[in-house]
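The values are calculated or read from the model by the stated rules, or taken from the named source; none is laboratory data. All values derive from a computational prediction rather than experimental measurement.
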Amino acid sequence: MAEREPNQAEAGRDSTLRAAQAIALVVGVGICLALSVAFAVPLLGRSDGALTVDSGERVNPNDAPVASLMRLPQIGVARARAIIAHRERVGSQAGHPPAFREADDLQEIKGIGPAIVEDLRPWLQFDRPSNDSNAPPGR
């Protein structure tokens, strides 16, 4: 059986369908671009390019679970588990202060150096030990 040639009406429908698909693609790309710009604009106004962090979004590495630690920049499951293992090891010693009193203490964890600590600093909070009345607030 020989293939039949598409008639003029079918060719017109194919052409219309291709044009509609092209328009839909352009509209979709435009929407994605608009959403990208809408999310980027708040960051462009900051001179340092850093995100602002609400105190309710901060994480205390002395009591945070793995899932909360993994929300921190550059902290994956391995580093989160290492943080917890370290705090449990240090916390098991009687009368010992919290494992992490400030962001720099996280450098005791393998794979966390000064650059990562600087990225983490705005996202961390530390509770002040109740027996240290001379410690500055927020530590």
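Kindly indicate the residue of segment 75-105 that is of a type outside the set (Gly, Ala, Ser) and closer than 15 Å to Arg58 by Cα and also farthest from the chain's Cα centre (by Cα) among those meeting that condition.
Only one residue fits best here, namely Arg101.
So which helices (runs of 4 or more DSSP H) are wholly in segment 1-116 and hold at least 2 residues that are over 20 Å from Asp127 (Cα atoms) and modelled with pLDDT of 85 or more?
On the way: elements: 8-44, 66-70, 77-91.
The helices (runs of 4 or more DSSP H) meeting that bar are 8-44, 77-91.
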